[in-house]
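**Q** Take this structure, written in structure tokens, and hold onto it; I'll ask about it next.
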Amino acid sequence: MASHVHLGHVFHVAGSALVTGAADALVSIPDGALVVDESGDIVYCGERTELPAESGTVHDHRPGYLLPGFVDTHVHFPQTYAGDSYGGGQLLEWLNQCIFPSESKFADPEFAQQAAVEFCARRIAAGTTAAMVFGSAFPHAQDSLFTETRRAGLRLVSGRGIQTVGPETARSLITSEADAIRLTREEIDKWHAADTGDVDTALLHVAIVPRFSLSVTAETLKNLGELYDEMRSRGVYVHSHLNENNRPGSGEVDSTKQAYQVDSYLDTYDGKFLPGSATGGKSLLGRRTILAHCVHCQDAELERMAQTGTSISHCPISQLFLGSGTMPWKRTVASGVNIAAGTDFGGGDEWLIPRVLGDAFKVHLTEPGDDGISMHPAEMLFMGTLAGARALDMESRFGNFDIGKEADFVVVDPSGTPALEANMAWAVRSSEPELARDQTLFALLMGIRESSINEVYVQGRRVTAE
Ligand code: GUN
Ligand code: ZN
């Protein structure tokens with residue numbers, strides 16, 4: 001592959017900013033250029049007019065925009081066809097009535113294969129270059145997911161959803177304690193870094209994925225702790241849900257605390273899953289652990305996540321759809337924990353990370369009293385890109401356009417979305433350049449739809465659906 005020059009309006013959050021520093025780290029280059037070398041790495045990001053001579057084949061995307069590829073840190077593969085499920089109400093009822101039956105259909109290998117193709121197509125359409133994907137219980141379905149993702153050239157971290165207990169509707173998703181560990185170990189051995197053989201260069205990675213504490217037992221958590229202790233040094237991930245829904249009487253948070261008799265839900269993932277939060281095994285927390293939702297965390301839980309480098313996948317669309325409430329933005333940010341964005345499809349009903357960022361803006365502005373905050377568009381972009389790369393512990397490889405990183409980016413063409421095109425052409429912008437820049441980025445993030453994502457690149461290579 002020769003060098004390539006991509007022209008367009010560049011936006012990214014540079015360096016290794018925290019969310020609190022995202023606005024200062026925002027880079028906007030209206031007449032910008034991104035140069036990608038033959039190995040797919042970024043060698044230049046700057047003014048078009050200052051391009052080094054003979055930089056390579058030119059791709060002129062103007063008046064389009066170049067953004068880092070979106071990172072979805074929580075999305076469910078076996079819910080590919082379960083978006084907008086009606087009649088389930090809030091979380092536990094919805095799982096029982098809509099989701100477990102939908103996921104059970106993946107027992108059919110042909111159906112699962114078809115879903116894997118669809119899932120990759122949805123990701124490409126949405127410009128989701130990297131994702132933490134909550135997997136199917138069925139190994140053949142996971143084989144299809146990894147195979148199709150590899151064919152597409154996307155990044156993937158995924159693992160089969162582990163369930164050792166549950167209601168009747170989940171019966172086909174549940175395995176014995178021994179099989180839960182055996183199947184997880186087999187998936188790691190088969191797919192972790194299977195594409196390159198090296199975890200530091202791979203596009204494919206495996207995670208250990210207990211569905212949530214109510215779907216497993218203390219014995220499962222103990223066994224998974226042992227397994228993770230063995231696998232940590234191989235760069236294996238952990239993924240689950242935490243503190244999502246506390247509907248009075250039938251909420252997940254109280255049910256979990258009651259079932260395990262623990263002081264906090266997080267304790268169940270932190271080796272302290274015995275009554276009274278006594279230690280019963282090894283922790284599942286760490287820099288390669290992502291916990292989705294975290295709407296109803298105690299301060300101590302947030303502190304522990306920050307301390308261990310565990311990230312939150314923030315999924316406001318899903319939280320609206322399932323009536324789960326709003327993650328308190330200021331308090332969560334203040335704890336220092338890394339907050340990335342997740343669609344949680346099919347709990348959320350959008351595949352597009354910018355839609356998640358838009359709903360994040362709306363719900364946090366609506367938080368009561370002094371808790372309400374107007375997110376800066378750089379914080380939104382950060383949450384959907386660099387924070388996601390950080391959550392996946394691959395920030396050194398992608399997430400922004402720093403020189404030397406692998407070139408994951410999307411080309412946004414407003415003409416694909418007339419409302420966005422009109423906004424970009426005609427909306428009032430401040431005469432103050434910095435505010436005008438922020439207004440443009442905000443309108444872009446709010447207005448992007450799948451129809452505006454024109455091209456998608458991973459490691460400098462264009463990815464396209466089958
Ligand atoms: N908690 C346990 N399973 C699920 C799921 O599939 N979706 C969501 N949103 N929460 C969960
Ligand atoms: Zn989820």
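The values are calculated or read from the model by the stated rules, or taken from the named source; none is laboratory data. Model, not experiment: these values are computed from the prediction. We place every Cβ from the backbone using ideal geometry, glycine too, and count neighbours over all the protein chains shown. Calculation scope for accessible area: heavy atoms of the full protein, side chains included, ligands and nucleic acids excluded. Shrake-Rupley method; radii C 1.70, N 1.55, O 1.52, S 1.80 Å.
**Q** If you go through region 103-118 one residue at a time, do you hit one that is of a type in the set (Gly, Ala, Ser), farther than 29 Å from Gly384 by Cα, over 22 Å from the mean Cα position of the chain (by Cα) and within 14 Å of ligand 1 (Cβ to nearest atom)?
**A** yes
**Q** List every residue pair whose Cβ atoms sit under 6 Å apart, with the two residues 6 or more apart in sequence or on different chains, where the first one lies in region 82-108 and is within 24 Å of Arg122 (Cα to Cα) and the second, anywhere, is open to solvent by 50 Å² or more (accessible area, probe 1.4 Å) and within 14 Å of ligand 2 (Cβ to nearest atom).
**A** Listed pairs, sorted by first residue: Gly83/Asp349; Asp84/Asp349.
**Q** Every residue in region 13-36 that is open to solvent by 30 Å² or more (accessible area, probe 1.4 Å) and more than 26 Å from the chain's Cα centre (by Cα), please.
**A** Answer for region 13-36, where residues must be open to solvent by 30 Å² or more (accessible area, probe 1.4 Å) and more than 26 Å from the chain's Cα centre (by Cα): Pro30, Asp31.
**Q** For the condition in contact (Cβ under 8 Å) with a residue 12 or more places away in the chain, touching a Gly at 6+ places or on another chain (Cβ under 7 Å), surrounded by 24 or more Cβ atoms within 10 Å (Cβ to Cβ) and more than 30 Å from Tyr237 (Cα to Cα), what is the one hit in Val10, Val71, Val75?
**A** None of the other options fit; the residue is Val10.
**Q** So, Arg247, is that one of a type in the set (Lys, Arg), more than 27 Å from Ala131 (Cβ to Cβ) and open to solvent by 60 Å² or more (accessible area, probe 1.4 Å) or not?
**A** On the way: of a type in the set (Lys, Arg): yes; more than 27 Å from Ala131 (Cβ to Cβ): yes; open to solvent by 60 Å² or more (accessible area, probe 1.4 Å): yes.
Considered against the rule, which asks whether it is of a type in the set (Lys, Arg), more than 27 Å from Ala131 (Cβ to Cβ) and open to solvent by 60 Å² or more (accessible area, probe 1.4 Å), Arg247 comes out as yes.
**Q** Same structure, new question: Quick check on Gly309: is it within 16 Å of ligand 1 (Cβ to nearest atom), over 19 Å from Val133 (Cβ atoms) and open to solvent by 10 Å² or more (accessible area, probe 1.4 Å)?
**A** Values: within 16 Å of ligand 1 (Cβ to nearest atom): no; over 19 Å from Val133 (Cβ atoms): yes; open to solvent by 10 Å² or more (accessible area, probe 1.4 Å): yes.
Considered against the rule, which asks whether it is within 16 Å of ligand 1 (Cβ to nearest atom), over 19 Å from Val133 (Cβ atoms) and open to solvent by 10 Å² or more (accessible area, probe 1.4 Å), Gly309 comes out as no.
**Q** Of these, Ala194, Ala218, Ala207, Ala202, which one is of a type in the set (Gly, Ala, Ser), surrounded by 19 or more Cβ atoms within 10 Å (Cβ to Cβ) and away from ligand 2 (no atom under 16 Å from the Cβ)?
**A** Testing whether each residue is of a type in the set (Gly, Ala, Ser), surrounded by 19 or more Cβ atoms within 10 Å (Cβ to Cβ) and away from ligand 2 (no atom under 16 Å from the Cβ) leaves just Ala202.
**Q** Take region 226-243 and flag every residue that is more than 16 Å from ligand 1 (Cβ to nearest atom) and under 23 Å from the mean Cα position of the chain (by Cα).
**A** Tyr228, Met231, Arg232, Ser233, Arg234, Gly235, Val236, Tyr237
**Q** Identify, by number, the condition in (1) in contact (Cβ under 8 Å) with a residue 60 or more places away in the chain; (2) out of contact with any Lys or Arg (no Cβ under 8 Å at 6 or more places or on another chain); (3) under 26 Å from Ala278 (Cα atoms) that Val209 doesn't meet.
**A** (2)
**Q** Here is a follow-up. Looking at region 78-121, which of the residues that are charged (D, E, K, R) and under 22 Å from Leu156 (Cα atoms) is surrounded by the fewest Cβ atoms within 10 Å (Cβ to Cβ)?
**A** In this case the residue turns out to be Glu110.
**Q** Further question on the same structure: Look at Leu284 and say whether it is within 12 Å of ligand 1 (Cβ to nearest atom) and buried (at least 24 other Cβ atoms within 10 Å of the Cβ).
**A** Criteria not met by Leu284.
**Q** Same structure, new question: What residue, among those in region 122-144 that are out of contact with any strand residue (DSSP E or B) (no Cβ under 6 Å at 6 or more places or on another chain) and under 30 Å from Thr217 (Cα atoms), is surrounded by the most Cβ atoms within 10 Å (Cβ to Cβ)?
**A** Checked region 122-144; the qualifying residue surrounded by the most Cβ atoms within 10 Å (Cβ to Cβ) is Ser136.
**Q** Out of the helices (runs of 4 or more DSSP H) lying entirely within region 263-357, which hold 3 or more residues that are modelled with pLDDT of 95 or more and over 30 Å from Ser102 (Cα atoms)?
**A** Those helices (runs of 4 or more DSSP H) span 299-308, 329-334.
Table: residues versus (1) open to solvent by 20 Å² or more (accessible area, probe 1.4 Å); (2) of a type outside the set (Phe, Trp, Tyr); (3) modelled with pLDDT of 95 or more.
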site	(1), (2), (3)
Ser430	yes, yes, yes
Gln439	yes, yes, yes
Ala443	no, yes, yes
Met446	yes, yes, yes
Gln459	yes, yes, yes
Ala465	yes, yes, no
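**Q** Determine which single condition Thr175 fails, assuming it passes every other condition in (1) on the phi < 0 side of the Ramachandran plot; (2) assigned to a loop (DSSP other than H, G, I, E, B); (3) within 16 Å of ligand 2 (Cβ to nearest atom).
**A** (3)
**Q** What do you reckon, is Gly347 closer than 23 Å to Gly388 by Cβ, open to solvent by 20 Å² or more (accessible area, probe 1.4 Å), touching a residue at least 60 places away in the same chain (Cβ under 8 Å) and within 16 Å of ligand 1 (Cβ to nearest atom)?
**A** Spelling it out, it is not the case that Gly347 is closer than 23 Å to Gly388 by Cβ, open to solvent by 20 Å² or more (accessible area, probe 1.4 Å), touching a residue at least 60 places away in the same chain (Cβ under 8 Å) and within 16 Å of ligand 1 (Cβ to nearest atom).
**Q** I'd like the full set of residues that are touching a Phe, Trp or Tyr at 6+ places or on another chain (Cβ under 9 Å), within 25 Å of Ala121 (Cα to Cα) and either assigned to a loop (DSSP other than H, G, I, E, B) or more than 13 Å from ligand 2 (Cβ to nearest atom) (or both), limited to region 48-80.
**A** The answer is Tyr65, Leu66, Leu67, Pro68, Gly69, Val71, Thr80.
**Q** Check off (1) under 20 Å from Ile353 (Cα atoms); (2) more than 16 Å from ligand 2 (Cβ to nearest atom); (3) touching a residue at least 60 places away in the same chain (Cβ under 8 Å) for Ser313 and give me the number that stays unchecked.
**A** The one condition Ser313 does not meet is (2).
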